[in-house]
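Visitor: Here's a structure for you.
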Amino acid sequence: MPDTRFRVFKGLALSLAVIILDQLTKFYAVQKLELYESFTVFPGFNFMLTHNTGAAFSFLSQAGGWQRFFFIGLGTVVSIILIIWMKSLTTNKRCLYYALALVLGGVIGNVWDRIVYGYVIDFIDVSLGFLPWQIFNPWPTFNIADSAIFIGAFMLIIDAIWLNDSENDT
């Protein structure tokens, strides 16, 4: 069983990598795009700079400003819980551990935006117009942090449903 400190270091390094990649791509998007300007990379995949004062799918974006502090506080509490959870894992549950690290990096990346700018910078715009369901069209813009949270949450579901302790241990 690897040293717990080394495992925590690897998880926090993954979280830090997500934060750095997220912030670098947001910085680049702000430098290269005007607000709501769309740049087509290929059909169905665009870059479009937006500012999200709400949460996922712009939930509470029109709430009047209080939501900024609410989401900063919520993100901070969630980050602390994730760090404690990561540190408390007694077995080497890799999928669970890296899932938590991805979510942590994504949460911190978006909290940083809220602290510095008052909103989250989103710039990835995917058109799912090929799907028959209109609920997904248009898909909201998102960023690297949102992607890390989504992938981490998906990994958490996989861990909870399909992986037993022996399959997840090293």
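The values are calculated or read from the model by the stated rules, or taken from the named source; none is laboratory data. Everything numeric here is computed off the predicted structure, so don't read it as measured data. As a convention, Cβ positions derive from the backbone with ideal geometry for all residues, glycine included, and neighbour counts pool all protein chains shown.
Visitor: Output the number of the condition that Cys95 fails; it satisfies all remaining conditions of (1) under 21 Å from Ile157 (Cβ atoms); (2) buried (at least 21 other Cβ atoms within 10 Å of the Cβ); (3) at pLDDT below 90; (4) not aromatic (Phe, Trp, Tyr).
Guide: (2)
Visitor: Here's a follow-up. For Pro2, which of the numbered conditions (1) at pLDDT below 90; (2) under 16 Å from Gly152 (Cβ atoms); (3) not small (Gly, Ala, Ser) fails to hold?
Guide: (2)
Visitor: Turning to a different aspect of this structure: Sort out which residues of the stretch 53-83 are assigned to a helix (DSSP H, G or I), at pLDDT below 65 and either among the basic types (Lys, Arg) or within 13 Å of Tyr119 (Cβ to Cβ) (or both), and write them in order of number.
Guide: Correct list: Ser58 only.
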